[in-house]
Structures are given as structure tokens and as C-alpha cells.
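The values are calculated or read from the model by the stated rules, or taken from the named source; none is laboratory data. Treat the numbers as computed from the prediction; the structure is a model and nothing was measured. Because the Cβ atoms are built from the backbone with ideal geometry, glycine has one as well, and the counts that use them run over all protein chains shown. Heads up: the accessible areas ignore ligands, DNA and RNA and are worked out on the full protein's heavy atoms, side chains in. Shrake-Rupley method; radii C 1.70, N 1.55, O 1.52, S 1.80 Å.
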Amino acid sequence: RLALDYGRQLLPRKGAFEPLVHALGFGPDGSCQLEADAWTSDASGQGSDGVSEQPKPAKDDFLAIHVDPDAGNDWAVGTVETPLRTLQAAVDKAALGVGLPGARTVLLRGGVHHLSKPIQLGPQHSGLTIAAFPGESPTISGGKRLRGLNWSQTVGPQNHSIYVADLAGQVADVPGLQLNGERATRARYPNLPGGLEVSPGYGAMINGFKANWTPPIFSKFGPPTYYTNLKYSRNNTPDGMFQHYTIGIGGLCSVYDPPVSFWCSEDPSGGAAFPFRTPSGVTPRKGDLPHAPYNDTSEALLFVWHPGRWENWIFEVESYDPSTNNFTFGRGGNQGARGHNHGGAFFIENVWEELDNPGEFFFDSRKGKLYLYYNGSGPPPSDMEVVVPQLKVLLNVTGTQWNPVRNLSLRGLKFTASAHTYMMPHGVPSGGDWALTRSAAVFLQGTELASVSNCTFERLDGHALMVSGYNRNATIADSDFAFLGGSAMVLWGYTNETSGTGHPAAGVDGTDGNHPRYTSVLRNLAREVGLYEKQNSFLMQAKTAQSTIVGNVFFNGPRAGVNYNDGFGGGDELAHNLVFSACRESGDHGPFNSWDRQPYLTTVATGKPSLMMAWREIHHNFFIDNYSPGMNVDNDDGSYNYRTHHNFLVYGVGGLKSDFAGHENYHHDNLYAYVDQALVLWDNDFLDGHNDQFFNNSLIFTDKATTVLKKTTWGCNGSAKPLFRGNAYYTANGTELSECGVDFFDWQQAGNDAASIFDVRPSNEVLLGWARELLDVHTGHIAAVRAQEAPNVFQWELQAQPIVSADAVRLNTQSCLGVVVALGICSAALLVVFSGVHRFFGVGATVTPRAVFDEELVEEERML
């Protein structure tokens, strides 16, 4: 109930928030009863479904370019009375800036805007707004609607009654299928009891540990080329782990694009670390595929979990031996960065013999016929909407760092029916466990001040939204993401590892600016992600710095909720978010996970090139680790410079986690509910001055837990051990507690954990009262102000080299955004700095103090 209250407070636009109600287990099918729910919204503009109503048309809206997918004509003028038909025609007309006074705004009328090819936007579309016509709800679809289907009854491969329709060449492939807006499941074994959109947890899989895996072919691509940059070193761990940028090029990492990875380097290190490889085939145990042998596996796919359930690989079938049931893998295995000699749990998909469960389909590409095991009585109705996702990208916005797309706004749009991307080329973004494709339904690269607001991303078979390469001050706000094949939001920069000037030595260098910076992710809902590829999150970032992730609600995903794949630059803020039901299908992690195995050179921390990362802040979040359970804040291999404070963290093995050269991880003023221990340390020595710290926290232990920190050589001995002070520990009996294998009071007498206390556990009512006060749920003051009024703080970094006149003009223009509009000139701008607030003629924005800002402000003031 507290999570429900907090979620409603964070996103009042969602009204009663039915998806959150169901996800938390309320209702007749859940374990909780939501009795006397007297919730009413006092937010203005709320519809009965809790979605903000569109405003009525304003006078200026009639001056925009209008698009009507049903009544429009691309030869028309584009007025509200004579709309265009296609979005591409409208944006190209807008780029010309002719025809209508409001030509930089494109308004989409309600209905479905089916795309035959991706919408392409470039620098010529700067200043463009694409929005819903007020009061209407347009949908942009990458799918092809099939028409004129004549379903006839036939007998399926397992003697079930199924239906078949000839597609008459309307599409060449059916990679996915949506029936009346919901996904059907491609024929597979084992079956999915609830269909593709319902997580099976650890079920619906074949036991991979009983299978016979064909070993990797280590000579398949030849040996890799190793490279380690010894010019730069972090020098902040005692054993030198993760101190240098190191990669391998080629070898078994040739499956990636580009063919490079930390996991193909000469000596990859970290938890369970060894060079990348995948098995080359599998022979399932006899009886594990009851419908085998198969007649045709030419289009079959095998989805294989890593044995540790860290990721899943997807393989095509190169050859199949029906006499032994052996599958030899073809293309694939590049969907994760971590490898192994054998696979874990797996399933097979897209073979005719497995069409045996209601809701499944199979497409015979040779005959052009679609077979459907219809999940209903009688034949499929003639008015059933049948849509086949076709396009992988719906909207491609691409500029460059030197010629960006500026001030683009997407508002009130729904994106749906993009095709899956799991067999596209994948790259390894940095030193984390991820590999992913650089593609999404909405793709932003080379933008400044791009804004995506009040949009819906639903039933997209790849990633929903990607901010790639150079982007500055992008904002993703007040949008909903649901039922996605990949991640909801991905922020991913570049360094020159295998191409461009100076590679591979330039791979360490992030000072060229080709990465997202100052991205704001505000008040979004993301749920049901990773339906196909499992190493996916609600939000993931790599080679990205200074992101602000505030006021979001995230739930129902297969892996970590939010992932920071590296320590590139830092300076990020993760605050006032509700995250739960992550890791529903996998082990390890929880609501948040980070790695920092690979150092990068940036100017974020000090304003000068450095491998050091600026501190990251994680605060005032409500995290529930209800599936793994690992840690709510899982700072994995090498993670450092984290301040985690004032959070309500429920369940988990421990509070603070630090392992494999992690350090300077500070937890303070947090409330932990039902954990097994305060700290989880593994293989972690610390240099003096680089200790972890744990202070002013309150911990409620589980029933049998009585240990603050288990005895370890790296956590309990020496001057560099973690620093404890001022904590409150609450156990079930209030009489037994130990730390480092010693009675708690004896440990304190020896000079440790000063000013900490322990007592008997409080009641749940008291505990939840503490949590409400911490998160200010009862008044909504802190969270509502921070989440609902989080300002878009436009920030710009300065280059280390001298600024030439052209650059000065550009920075001057950007720094005075809004002043240009108000006054028409920038030279008259007045910069006043006091009380932590910058004011440009009355426009205020809270500024977080960072070391680099001081230098930027001096330079900015000089230029203004």
C-alpha cells in the first residue's frame, strides 16, 4: 500500500494507476485486498482512465501542418481542412519553412499512421514539433495491417483444430503478430501458459544442465588482437584491478559490431571472469523435445540462457541431425557480453511441429500462409485487426556534433508495432555484462535540447527509445513504456575503439564529446520490458554522463531495473523513483546495478581529462528487491564514488554491496527493511582513503539474521576496512548481534562502529511510518516538488581547447536559451549567481554544485 501511495504521488497523471495496483498484487487474484480505496485525484486535467486529457485546439494549432492518415492527401496544403496524408511529407514540408505561418509544428490527427519506411529527421528539421492534434490520440505504427484474410479451418501438427490464411504477398515475413493490439506467440516449446506478454519467471524452459552442449570453436575467427592502454591509470585499488583501459579485437568477439570487447582482452577480471565464448550447438536430453524430430529447422531459433541467467543468447540453426536431435548453431550468440562453454535453460521457437497451444502462430514463408491456433471460440472474427511488425526503426533523428538537430519536440504520440531486433548486429558498450543493438523505435543521435513528452511506447519488439552518441540536454518526460521486446530507454555513447582517428588507443578517450550528457528522465512509467532479450532494463546507460533520473515508476522486468554499465564521467542523479519486481527471470542484481571495470578519460569530474568519475547520487528512492533477491543497490565489479542515501530499501541479502575492487561506496541515512546483513563484501581490499562507509542508517534484519558484517579478511582487518558509525540495527530478539565474527559490543569496545546501537525490531506500522516520513509520502511535499517540478537544467560543457569565434557564437546562443526569445539579443543577458540559483531574467533553475561548474560559470560569464 505504501508503494501504491508513493507511485500515485509520483505520477498523479495516472489517476487510480490500475497497472500499479495489479502489479502490487491487489485485487481478487492477488494476495492483498485494496479495501476502502478512497483515492481521488486532485490533479487538473485528469480523464476517467487517469490519463491526462489533451487540451482543446488553440488558435495557433490551426496554423500548423496537419496530417490525417485517413482523409489526407500529400498534394494538399496541409491546413486543418486540407491535411496531408503522411508524416514524412509533413516534416519535409516543415523543413522548407514555407506554406503556412506555423510550419514548424506538425499536428497528427487521431487514427493509425502506418509507416512504409522510417521517418527521417535531420538538422534541417531543427525547431520542429511533432504533436498530437489537441484532444486526439494518434498512433505511429511500424506494422503492416493485413486485409482481406480468409481464415479456413485445418488440422495442426498435433491434431488440434487451427486456422490458416493465405497472405497473398502482403508481407514477406511475419517476425511478430499482433491481434487486436496484443501479441500472439510464435510457435515454441515449452509453451508459455500466459502467452508472450506474461513473464514465465523461471518456467517454460528446458533444463539446459541436462543437455549435451557442443563446445565453443575457439579457432573459428582466429586469435584476437589485445590492447591495453598503459598511458593512463586510476591507481585507486591495491591490486591494480580495473586500472587500465583494456580490450580484445576480433577472435570470438568477431560476433559483435564493432568486433571488440573487454571480455576478449588478454586478462579480463571481475566476478566469474574469463574470456568470451559460447557453445556451438546442443543435443537436448531424450524426451526434452517431445515433438522432435523436426522436419524443417531452417528458420528455427534457439533462445538460450547463460548458465548464471545473466543474459540470453539467441541462435539460428545452421544444421540439424534428426537422428541424434543435435542442433549446430549458426548466426547469433552476440546478445550478451558474458560467455560460457555451455548454456543454461533454453527453448526452441518457429518450428511447425510446436504449433500446439492457444495463442500461437506459425508462418510458412515458402507458401505465404499464416497458421493460427486461435485463442477463442469459433474462427477468428472477420473484423479482427491483424498487424505484422515490419519496421525496426519508426523515427530516426540523426545529426552530428557539429551540425546537430536542435530543439526537436515529440509530444502526445503513441509508437507501436516495431519489429524485433535481436538478430541484428550487437555491440558491447563498455565493460559491463551487456551487449545490445544500436537501434530503437525512436532513435536520437546528434541532438541538442530534444524533448520527448507525454508519449506512449507500447508493444515495440526492440528497444523503445535510444539516445545515441552526441546528445545534449535531451529530456524524456511524462511518457509511458510497456510490453517491450528490449529496454525502455537506452543512453549510449561512442569512443573510437576500432574506427576513427587513433584507434584502438582512442578507445579510452571520452573527451571528444560523442556521448549523451545532461539527459533528463522525468516522471515516466516503464513496465513489462525484455520480452525477447533478457539483459534489458527500464533504463540503461553506457558511455554517458550527468543524467538526471527523477520521479519515475518502474516495475516488471527480467533483469536489473536501472543499469549503469560503466563509470564513464559520472555526475548522475537517481532520485525519487519507485522500482520493484526487477530480475523476475534471472539471478543476481535487483532494482539497480552498476559496473565499472573499464576506465574512460573524461573531463566531467575535474574539468580536465581524467579517468576519475564524478560522484553519483542515489537518493530518496523506494526500491523493493522482491525477486532475486540480491541487493537493491547492486554496485558490482569496480563500482566507486557512489553516495546512496535517504532511500527506503526493502528486502535483499544486504544493504551496501562492494566487490572486486569496488570502493568509496557511501551508504548513509537509508532505511533497510528485512535484510540479512548490512554489508556484502567480496574479494575487496581497500587503499587508505578509499574506504567504503556506512553511517546513520537504520536496518531491520530478517527473522534469523544477527550479523552486521560477516568475518572477512578484506572487510574486518586493517586501516582501510569499511567505516561504520551511527547506525541503528534492529533484530528479531533484540539481544543477539555480531560484527566481523565478534559480539557487537566487543567490536565497539575495540574502537569500531562508533555510536551505533541495536534493539528489538519495531512493528511494521512503525517501520512504514518511518518510511513515509523519509520519502514524505504523507504530504507529498519533498517527492512531489522534486519529481513534479524537476526543472530542465540546460547545461553545456566547455571544450579543453581554445574556443574559436564560431564556437563562441554557438555557445553564446545556447547559454541564453529563452533570453533570445524574450529580448531578441544575447549580449544583454545578465547573469546573477546567488543562493545556488542562476536567474536569466527571472527564469530560475536549481543548480547542483559540481567542481566542473565553477570553471564553466567563470567562462560562461566572461563570454556573456
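Each of THR606, THR511, THR447, THR278 has its accessible area taken with a 1.4 Å probe; listed largest first, they run THR606, THR511, THR278, THR447.
Using the Karplus relation 6.51 cos²θ - 1.76 cosθ + 1.60 with θ = phi - 60°, the per-residue 3J(HN,Hα) values for segment 132-141 come to 6, 4, x, x, 10, 10, x, 10, 9, 10 Hz, with x marking Gly and Pro.
Label sites at GLN158 and ASP759, each approximated as a point 7 angstrom past Cα along Cα to Cβ, lie 5.9 nm apart. Here segment 65-131 and segment 489-525 have alpha carbon centers that stand 32 Å from each other.
Can you give the extra length, in nm with one decimal, that the chain gains between TRP615 and LYS210 once fully stretched, where that is 0.36 nm per residue apart less the Cα-Cα distance?
Numbers: separation 405, 0.36 × 405 = 145.80 nm, distance 4.55 nm.
Working it through step by step, the gained length comes to 141.2 nm.
Seen from GLY652, the other residues with C-beta closer than 10 Å to its C-beta sum to a net charge of -2, counting Lys and Arg as +1 and Asp and Glu as -1. Simple rule: put +1 on each Lys or Arg Cβ and -1 on each Asp or Glu Cβ in segment 372-480, find the dipole, and look at PRO404, MET423, ASN473; the Cα lying farthest toward the positive end is PRO404. Within the shell of other residues whose beta carbon sits under 10 angstrom from the beta carbon of GLU739, the net charge comes to -1, with Lys and Arg scored +1 and Asp and Glu -1. Between the labelled values [x] 40, 37, 29; [y] 73, 29, 23; [z] 67, 28, 23, the entry that holds semi-axes √(5λ) of the Cα gyration tensor in Å as derived from this structure is [x]. Under 5 Å from the amide H of THR456 lie the amide H atoms of LEU413, LYS414, PHE415, ASP480, each residue being 5 or more positions distant or on a separate chain, with H modelled from the backbone and absent for Pro and chain starts. Listed values for segment 234-241 are Karplus-derived 3J(HN,Hα) couplings in whole Hz (6.51 cos²θ - 1.76 cosθ + 1.60, θ = phi - 60°), namely 7, 6, 10, 10, x, 9, x, 5, and x replaces Gly and Pro. Centre-to-centre, using Cα atoms only, segment 649-671 and segment 304-333 are separated by 37 Å. For the chain, the relative contact order is 9 percent, taking Cα pairs closer than 8 Å that sit 6 or more residues apart in sequence and dividing their mean separation by the residue count. Note on segment 365-441: Cα-Cα pairs beyond 15 Å make up 76% of the total pair count. Relative to one another, the C-alpha centroids of segment 274-301 and segment 441-467 are positioned 35 Å apart. A simple rule links phi to the HN-Hα coupling: the Karplus curve 6.51 cos²θ - 1.76 cosθ + 1.60 with θ = phi - 60°, which for segment 306-314 gives 4, x, x, 6, 8, 6, 10, 9, 10 Hz, with x for Gly and Pro.
How high is the relative contact order of segment 572-692, in percent, with contacts defined as C-alpha pairs under 8 Å that are six or more residues apart? Mind showing how you got there, number by number?
On the way: 337 pairs, mean separation 27.7, N = 121.
Answer for segment 572-692 is 23 percent.
For the chain, what does the accessible surface come to per residue with a 1.4 Å probe? Please give it in Å². Spelled out: the 1.4 Å probe surface of the chain, per residue, equals 38 Å². In this structure THR214 has an accessible area near 50 Å², from a 1.4 Å probe over the protein heavy atoms.
Is the shape of segment 214-370 best called rounded, prolate or oblate, per the rule: a/c under 1.5 gives rounded, else a/b larger than b/c gives prolate, else oblate, with a ≥ b ≥ c the square roots of the Cα gyration tensor eigenvalues? Prolate, because a/c is 1.5 or more and a/b exceeds b/c.
If you put +1 on each Lys and Arg Cβ and -1 on each Asp and Glu Cβ, how big is the dipole of the chain around its Cα centre, in Debye rounded to 20?
Working: 61 positive and 88 negative charges, 302 e Å.
Here the size comes out at about 1440 debye.
When LEU723, LEU84 are compared by accessible area at a 1.4 angstrom probe, the order from most to least is LEU723, LEU84.
Projecting the Cα atoms of VAL653, ALA488, THR706 onto the charge dipole of the chain, computed from C-beta unit charges around the Cα centre, puts ALA488 farthest toward the positive end. For TRP213, the solvent-accessible surface computed with a 1.4 Å probe is close to 30 Å², ligands and nucleic acids excluded.
In whole percent, and with a 1.4 Å probe on the protein chains, what portion of the accessible area of the chain is carbon and sulfur? List each step's numbers first, then the result.
Numbers: 16970 of 32930 Å².
Reported share for carbon and sulfur atoms: 52 percent.
Ordered by solvent-accessible area of protein heavy atoms (1.4 Å probe), largest first, the residues GLU617, GLU736, GLU585, GLU266 come out as GLU266, GLU736, GLU617, GLU585.
Set the Förster distance to 25 Å, then compute FRET efficiency between THR735 and LYS711 from the Cβ-Cβ distance, nearest 0.05. Could you put the intermediate results ahead of the total?
Details: r = 20 Å, r/R0 = 0.82.
So the FRET efficiency works out to roughly 0.75.
If the segment from ALA728 to VAL77 were pulled out straight at 0.36 nm per residue, it would be longer than the present Cα-Cα gap by 227.4 nm. A Cβ-based charge dipole, computed about the Cα centre of segment 185-252 with Lys and Arg at +1 and Asp and Glu at -1, lands at about 140 debye.
Could you work out the local net charge near SER719, counting Lys and Arg as +1, Asp and Glu as -1, over the other residues with Cβ closer than 13 Å to its Cβ?
Details: positive: LYS721; negative: ASP685, ASP688.
Charge balance near SER719 sits at -1.
Looking only at trypsin sites (Lys or Arg not before Pro) in DSSP loops with at most 13 other Cβ atoms within 10 Å, what is the longest site-free stretch of the chain? So the longest stretch without any such site is 368-703.
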